[in-house]
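The values are calculated or read from the model by the stated rules, or taken from the named source; none is laboratory data. Computed from a predicted structure; not experimentally measured. FYI the Cβ positions are ideal-geometry reconstructions off the backbone, even for glycines, and counts take in every protein chain you see.
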Ligand SMILES: NC(=O)c1ccc[n+]([C@@H]2O[C@H](COP(=O)([O-])OP(=O)(O)OC[C@H]3O[C@@H](n4cnc5c(N)ncnc54)[C@H](O)[C@@H]3O)[C@@H](O)[C@H]2O)c1
């Protein structure tokens, strides 16, 4: 069997992690032949809760799970990590604006960036969940008219308002569906997608589709079994999609500048 992968989940005492950890530890992401060491990072006041999560993970007796390491020390936790799922952050509460959330979280992610830089494996794969999620960009191909109408109206509206609708109903932000999305996302990245297909991933822009270079933006991406990815070029963009893409680019660019100014202050 392969050497164990060291997988770090931050915010491990939180509600997304509670759904995510079981799925990762039982092989849904890295496959049934890949042993895993799980490092669970949270902050000091959550240590008691974290220990409860560790007990439950051990009690699950999952064959692939070699070790569970709780930690409240960022520098120690990131040591030699292969894959990091950065879930830990302040969650969005009812009535909270995207920009308030950004201001609260930007410092956390800056500090984690430093820990990754100095402690983790150089080819670490990092998935960020805790930032305000990047707006979905839809690359529409060969859709027929009726579908277009649903896609351009109800679907987009539902997706845009879904986060707020879940908070309103649950009084908490989404967790189970967010955990499922993380699992699908990292599995596609780790294993690669079948030839001729691609997935959407928010990755640093290389200027494709005239999107500002360096912006973290959702592109059609082809992932490969060696855990690398490439942006799929040259898809036809209709006027409707172009308009949404430009609006998203503008919003993300503003958000980036705001994050930089919070960092500097
Ligand atoms: N991208 C998405 O689609 C999506 C969907 C839902 C939620 N989220 C975001 O994911 C994040 C986690 O959501 P949740 O519902 O699990 O929240 P939660 O409050 O239940 O858990 C967050 C955990 O992070 C911990 N934490 C805070 N600062 C930390 C730090 N510096 N290092 C390590 N841990 C830290 C907290 O102590 C807490 O245990 C939130 O930012 C939320 O807004 C994103």
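Within region 3-41, the residues that satisfy the criterion of being within 14 Å of the ligand (Cβ to nearest atom) and either within 21 Å of residue 224 (Cα to Cα) or assigned to a loop (DSSP other than H, G, I, E, B) (or both) are 11, 12, 13, 14.
Yes/no matrix, rows are residues, columns are (1) at pLDDT below 85; (2) surrounded by fewer than 18 Cβ atoms within 10 Å (Cβ to Cβ):
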{"site": "84", "(1), (2)": "no, no"}
{"site": "101", "(1), (2)": "yes, no"}
{"site": "115", "(1), (2)": "no, no"}
{"site": "118", "(1), (2)": "no, yes"}
{"site": "123", "(1), (2)": "no, yes"}
{"site": "144", "(1), (2)": "yes, yes"}
{"site": "152", "(1), (2)": "yes, yes"}
{"site": "168", "(1), (2)": "yes, yes"}
{"site": "172", "(1), (2)": "yes, yes"}
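Taking the numbered list (1) within 15 Å of the ligand (Cβ to nearest atom); (2) exposed (fewer than 13 other Cβ atoms within 10 Å of the Cβ) in turn, residue 179 passes all entries but (2). Note on region 59-82: among residues that are assigned to a loop (DSSP other than H, G, I, E, B) and crowded, with 21+ Cβ neighbours inside 10 Å, the one that is farthest from the ligand (Cβ to nearest atom) is 81.
Every condition in (1) over 20 Å from the mean Cα position of the chain (by Cα); (2) modelled with pLDDT of 95 or more holds for residue 42 except the one numbered (1). Please tell me if residue 184 is free of Cβ contacts under 8 Å to residues at least 12 places away in the same chain, within 16 Å of the chain's Cα centre (by Cα) and within 23 Å of residue 5 (Cβ to Cβ). Yes, satisfied. The listed residues are 207, 196, and the only one of them that is more than 16 Å from the ligand (Cβ to nearest atom) and either at pLDDT below 85 or over 30 Å from residue 31 (Cα atoms) (or both) turns out to be 207. Taking each residue of region 154-174 that is within 16 Å of residue 248 (Cα to Cα) and looking for partners that are modelled with pLDDT under 80 and within 12 Å of the ligand (Cβ to nearest atom) with beta-carbon atoms closer than 7 Å, six or more apart or interchain, yields 159/136.
Here is the figure for region 84-110: residues that are within 12 Å of residue 16 (Cβ to Cβ) and either free of Cβ contacts under 8 Å to residues at least 24 places away in the same chain or more than 10 Å from the ligand (Cβ to nearest atom) (or both) total 1.
Across region 187-223, the number of residues qualifying as within 20 Å of residue 234 (Cβ to Cβ) and without any contact (Cβ under 8 Å) to a residue 60 or more places away in the chain comes to 23.
Looking across region 125-142, the residues that are modelled with pLDDT of 70 or more and assigned to a loop (DSSP other than H, G, I, E, B) come down to 129, 130.
Table: residues versus (1) under 23 Å from residue 189 (Cα atoms); (2) in contact (Cβ under 8 Å) with a residue 24 or more places away in the chain; (3) in contact with a strand residue (DSSP E or B) (Cβ under 8 Å, 6 or more places away or on another chain).
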position: 225; (1), (2), (3): yes, yes, no
position: 236; (1), (2), (3): no, yes, no
position: 241; (1), (2), (3): no, yes, no
position: 246; (1), (2), (3): no, no, no
position: 255; (1), (2), (3): no, yes, no
